[in-house]
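The following block contains the structure, expressed as structure tokens.
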Amino acid sequence: MRLDKYLGQNTNLSRSLAKKAISSGQISVNLECIKNTAFKVKMSDQVLYCGEPIVTLGHRYLMLNKPLGYICSTQDELHPSVLNLIDIDKPDRLHIVGRLDVDTTGLVLITDDGQWSHRITSPKRNCQKTYQVDLAETLNAALSRDIIERFKKGLLLKNEFKATLPAQLVIQSNQKVLLSIQEGRYHQVKRMFAAVGNHVEALHRVSIGAITLDTQLSEGEWRYLTEAEITSMN
């Protein structure tokens, strides 16, 4: 990795300030002063900034309990980003894994490990996501059985030509269900219930793959993932 990029990723220096630090002789690699910004740094190298060793930042993996009113991106003039809720060094390196709509709450995964997030979001992986759904219309026993079977077989959504993958529906009460899906189509959960004549009043994601939202996290709170949670997505 280029020395200036290495400093940008592992210190509080911007790329321009990193270049100035290098050219002014404040950086040494393996005890040798380096003034070339394009100098290639290896993982085994010891890099010093003003005589102090730089500790390499490892990848970071977080879960957040998303509240209403926040978006899972950085560009929206009307709503704040969920990244505003994360008090962490170099938040600009983080990205959101599997987005939620502004009116949906629950589990959001955040990381700076692109390969890890790709394993979760890749359509080839069919990573299961489970949602708590509050419905507008009451489900009686016969209607519940019918919807369970239709979701299991796959639904053809409006303006689409390919049915959804099989989904698992668990009835909790006549207006509350748990839905597990393997895809991430646009507004998929809402459109699935619209296809069977119902309407989603509230939507809350409780799990992604083997990672379940920590019940100790209040809305807007976050924590680092455990090693077991991270490796469950490998």
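Out of region 9-64, which residues are touching a Phe, Trp or Tyr at 6+ places or on another chain (Cβ under 9 Å) and among the hydroxyl-bearing types (Ser, Thr, Tyr)?
The answer is Thr11, Ser28, Thr56, Tyr61.
Considering only residues that are under 26 Å from the mean Cα position of the chain (by Cα) and without any contact (Cβ under 8 Å) to a residue 24 or more places away in the chain, which ones fall in region 123-153?
The answer is Lys124, Arg125.
Looking only at region 1-12, filter to residues that are buried (at least 18 other Cβ atoms within 10 Å of the Cβ) and not acidic (Asp, Glu); which one of those is farthest from Asp112 (Cα to Cα)?
Leu3
Could you list all residues from region 139-155 that are outside any helix (DSSP H, G or I) and exposed (fewer than 11 other Cβ atoms within 10 Å of the Cβ)?
Listed by number, the list holds a single entry, Asn140.
Which of the residues that make up region 216-234 are in contact (Cβ under 8 Å) with a residue 60 or more places away in the chain and assigned to a loop (DSSP other than H, G, I, E, B)?
Result: Leu217, Ser218, Glu219, Gly220, Glu221, Leu225, Met233, Asn234.
Moving on to the next point. State whether one or more residues within region 39-55 are closer than 30 Å to Val97 by Cα, modelled with pLDDT of 90 or more, hydrophobic (A, V, I, L, M, F, W, C) and under 21 Å from the mean Cα position of the chain (by Cα).
no
When region 215-234 is examined, which residues are found to be crowded, with 16+ Cβ neighbours inside 10 Å and either among the charged types (D, E, K, R) or in contact with a helix residue (DSSP H, G or I) (Cβ under 7 Å, 6 or more places away or on another chain) (or both)?
Selection gives Trp222, Glu229, Met233.
With the checklist (1) assigned by TED's automatic domain parsing to the domain that holds Lys19; (2) buried (at least 18 other Cβ atoms within 10 Å of the Cβ); (3) more than 13 Å from Leu7 (Cα to Cα) in hand, flag the one item Cys72 doesn't pass.
The failed condition is (1).
Could you look through region 126-158, keep only residues that are of a type outside the set (A, V, I, L, M) and touching a helix residue (DSSP H, G or I) at 6+ places or on another chain (Cβ under 6 Å), and pick out the one that is modelled with the lowest pLDDT?
For region 126-158, the residue satisfying everything is Cys127.
Go through the residues of region 112-121 one by one and say whether even a single one is among the charged types (D, E, K, R), under 30 Å from Leu94 (Cα atoms) and part of a loop (DSSP other than H, G, I, E, B).
yes
Continuing with this model, one more query. So, in region 91-125, of the ones that are surrounded by fewer than 20 Cβ atoms within 10 Å (Cβ to Cβ) and polar (S, T, N, Q), which residue ends up farthest from His59 (Cα to Cα)?
Of everything passing the filter in region 91-125, Ser122 is farthest from His59 (Cα to Cα).
Return the pair list, or none, for Cβ contacts closer than 8 Å from residues in region 43-56 that are closer than 16 Å to Leu17 by Cβ to residues that are of a type outside the set (A, V, I, L, M, F, W, C) and assigned to a loop (DSSP other than H, G, I, E, B), at least 6 apart or on different chains.
Final answer for the pair search is Tyr49/Thr11; Tyr49/Gln26; Cys50/Gln26; Ile54/Thr11.
When you scan region 164-204, how many residues do you find that are within 25 Å of the chain's Cα centre (by Cα), surrounded by fewer than 16 Cβ atoms within 10 Å (Cβ to Cβ), over 24 Å from Pro67 (Cα atoms) and of a type in the set (Gly, Ala, Ser)?
Matching residues across region 164-204 total 0.
Given the residues Leu94, Leu83, Leu78, which is the only one that is more than 14 Å from the chain's Cα centre (by Cα) and without any contact (Cβ under 8 Å) to a residue 60 or more places away in the chain?
So the residue among Leu94, Leu83, Leu78 that is more than 14 Å from the chain's Cα centre (by Cα) and without any contact (Cβ under 8 Å) to a residue 60 or more places away in the chain is Leu78.
The values are calculated or read from the model by the stated rules, or taken from the named source; none is laboratory data. All values derive from a computational prediction rather than experimental measurement. Ideal geometry is used to build each Cβ from the backbone, glycine not excepted, and the neighbour counts take in all protein chains shown.
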